Amino acid sequence: LQDIRNTVGNIPMEWYQDFPHVGYNLDGKKIYKPIRNKDELDMFLEKMENPDYWRTVQDRMTGADIKLTDEQVDLVHRLQRGQFGDVHFDPYEPAVDFFTHEVMIHPVTNRPADKRSFIPSLTEKEKVSKLVHAIKMGWIKPRKPRDNTPTYYDLWAHEDPNSILGRHKMHVPAPKMKLPGHEESYNPPPEYLLSEEEKLAWEQQEPAERKLNFIPQQYRCLRAVPAYSRFIHERFERCLDLYLCPRQRKMRVNVDPEDLIPKLPKPRDLQPFPTTQALVYRGHTSLVRCLSVSPSGQWLVSGSDDCTVRFWEVCTARCMKTLPVGGVVKSVAWNPNPTVCLVAICVEQSVLLVNPCLGDKLLYGATDQLLESYVAPEEERVQPVQWVTATVEEHSKGVRLVVQHSKAVKQVTWHGKGDYFASVVSDNSNMQVLIHQTSKRWSQNPFRKRKGLVQCVLFHPIRPYFFVATQRYVRVYNLLKQELTKKLMANCKWVSSMAIHPGGDNIICGSYDSKLAWFDLDLSTRPYQLLRHHKKALRSVAFHKHYPLFASGSDDGTVIVCHGMVYNDLLQNPLLVPVKVLKGHAMTLDLGVLDVLFHPTQPWVFSSGADGTVRLYT
């Protein structure tokens, strides 16, 4: 008996496999699939335990399991054997002829023809008229005529033969193969055959580096030449070359290489600048670490590792005075105020303020009076350093004040007005930088936190800014607002020295990885230009006060003088041109030039070296 609940008809039941139902009953309600949550294990157990498992099938229409009866199983077996489904059917019973083979004169049936067989049908007429009406109204679209245009056609059949196509205009012919030469002959001349060493060298080379991609060989006659082993390989590579060749025409711009080099002015148009060594100041017995020149440009002071400070007359190279200080001199700085005659000297853990008593007697006398007029405040103030007046013995040598620090001092620099000076201490705490006021003998520590190892510091020539160079950065502080204004990235590993342009908007930093960075403070916090002129570490950099010159001294024993023009027009970038390499210092202990310094008024440069000399280039 057939289950006729499901009314979907004779359709593929796979259509329902993603739905929860398998069809619809006569009332149009969904017939849901029976819940089947048997897994492989349940199926296996059922297979083992259920004796009727073999005769159970699933009805696709209802999803239910049906157990086949004996008759149905018998039917299946018969069909599998290729027999007829009906048991009682005998395919071999004798055939009965309904019609005889003899032609008879009477028909088998003599029924008269129906009337409907020769009268047009009314129902059909009604149907046709309805269809005609629907076609007229446009409800039924008659079939579109079939499009007989072929799927494949000649792309260029209807093309103007005279027009130059873009494709043909830009045609790049396939690269031609090189014609074979003597080395490819079966019997090449003997000079083309490789010797044993050349064969070995050929085998060790990279395939791309070989001049020939085969070894020339010699054969007796053409009959003895074997088949070429790499033939298919080379044909394949040639095919790849042809179809992977990027056929694209590059529009080449004809550029004169000279036009790409920036047009720099000739050095002789940028004069004056120092070109020749004029004087050598001899007298120190060890390396001369530091230099400073008086604001008038008449006197020069130099500090050395031989524990002395020497004062020289610039024009004659005569040593006017030698001051033994009992320690290595790390830094000297002449007070930039022309009305004061005072030199700050870093020796070990103290800064000495020395009056050299050179030049105008009124000037250095007034300086002493100024220092002696100091009145100590009533209550003692806590200071990071101690200000000590010089003893009588020290006073006779020229020392006036001693500023005693807690650690070794490595740099001292004056403010432009000449009252304040800053010192840098070799310390890891926040006490690395101290600012001192000479007139009040008062010192303060401007920083609460340490920001890395301080290398050197500078006062801005005009504005109340303070530059602090650590190993990789230069920080610019506003002293009035007491805040960080800018942080410049030096783009080098270890900053060694720093100098500021007298205009105050550009600074240069020298570094131990032989780079010189020029910063334009209005432009960016990164270098405007990195100059790599020196071969070794830069020890010192300097700007000229009035001329557009800057110089750098390096361990390679040279001083490079560059023209650095800064324009008043803000839209024009600074022009940096190296103009002269000054040589003269002898290399000592792998050290060359330790300090460079420009004369305050003339286009002259001083340099101090590890060979114990100071040289003047004019």
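The values are calculated or read from the model by the stated rules, or taken from the named source; none is laboratory data. Owing to the predicted nature of the structure, the values given are computational and were not obtained by experimental measurement. Please note: Cβ atoms are built from the backbone with ideal geometry, for glycine as well, and neighbour counts cover all protein chains shown. Remember, those area values only see protein heavy atoms, side chains included, never the ligands or the DNA or RNA. Shrake-Rupley method; radii C 1.70, N 1.55, O 1.52, S 1.80 Å.
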For this session: Run down Val351, Val301, Val314 and say which single residue is closer than 18 Å to Leu594 by Cα and open to solvent by less than 10 Å² (accessible area, probe 1.4 Å).
Result: Val301
For this session: State which residue is surrounded by the fewest Cβ atoms within 10 Å (Cβ to Cβ) when the search covers only region 572-597 and only residues that are hydrophobic (A, V, I, L, M, F, W, C) and in contact with a Lys or Arg (Cβ under 7 Å, 6 or more places away or on another chain).
Result: Leu594
For this session: Would you mind finding the one in Leu530, Leu484 that is among the aliphatic types (A, V, I, L, M) and loosely packed, with under 14 Cβ neighbours inside 10 Å?
Result: Leu484
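Table: residues versus (1) part of a strand (DSSP E or B); (2) open to solvent by less than 100 Å² (accessible area, probe 1.4 Å); (3) at pLDDT below 85; (4) on the phi < 0 side of the Ramachandran plot.
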{"residue": "Gly28", "(1), (2), (3), (4)": "no, yes, yes, no"}
{"residue": "Asp42", "(1), (2), (3), (4)": "no, yes, no, yes"}
{"residue": "Trp54", "(1), (2), (3), (4)": "no, no, no, yes"}
{"residue": "Val57", "(1), (2), (3), (4)": "yes, yes, no, yes"}
{"residue": "Thr62", "(1), (2), (3), (4)": "no, yes, yes, yes"}
{"residue": "Ile66", "(1), (2), (3), (4)": "yes, yes, no, yes"}
{"residue": "Arg78", "(1), (2), (3), (4)": "no, yes, no, yes"}
{"residue": "Asp86", "(1), (2), (3), (4)": "no, yes, no, yes"}
{"residue": "Tyr92", "(1), (2), (3), (4)": "no, no, no, yes"}
For this session: Answer yes or no as to whether Val382 is open to solvent by 80 Å² or more (accessible area, probe 1.4 Å), modelled with pLDDT of 75 or more and either assigned to a loop (DSSP other than H, G, I, E, B) or closer than 17 Å to Ile345 by Cα (or both).
Result: yes
For this session: Could you please find all residues in region 301-329 being closer than 19 Å to Arg400 by Cα and among the hydroxyl-bearing types (Ser, Thr, Tyr)?
Result: Ser302, Thr308, Thr322
For this session: Report yes if some residue within region 210-232 is farther than 20 Å from Tyr186 by Cα, open to solvent by 100 Å² or more (accessible area, probe 1.4 Å) and among the hydrophobic types (A, V, I, L, M, F, W, C); otherwise report no.
Result: no
Problem set entry | Long-range neighbours under 6 Å by Cβ, at least six apart or interchain, first residue outside any loop (DSSP other than H, G, I, E, B) within region 249-278, second surrounded by 11 or more Cβ atoms within 10 Å (Cβ to Cβ) | Pro267/Val579; Leu270/His563; Leu270/Val579; Gln277/Gly584; Gln277/Arg615; Gln277/Tyr617; Ala278/Leu616; Ala278/Thr618
Seminar exercise, completed: Picking from Cys346, Cys307, the residue that is open to solvent by less than 70 Å² (accessible area, probe 1.4 Å), under 30 Å from Leu549 (Cα atoms) and under 51 Å from the mean Cα position of the chain (by Cα) would be Cys346
Problem set entry | Residue that is most open to solvent (accessible area, probe 1.4 Å) [pool: residues in region 173-201 that are closer than 30 Å to Tyr243 by Cα and hydrophobic (A, V, I, L, M, F, W, C)] | Leu179
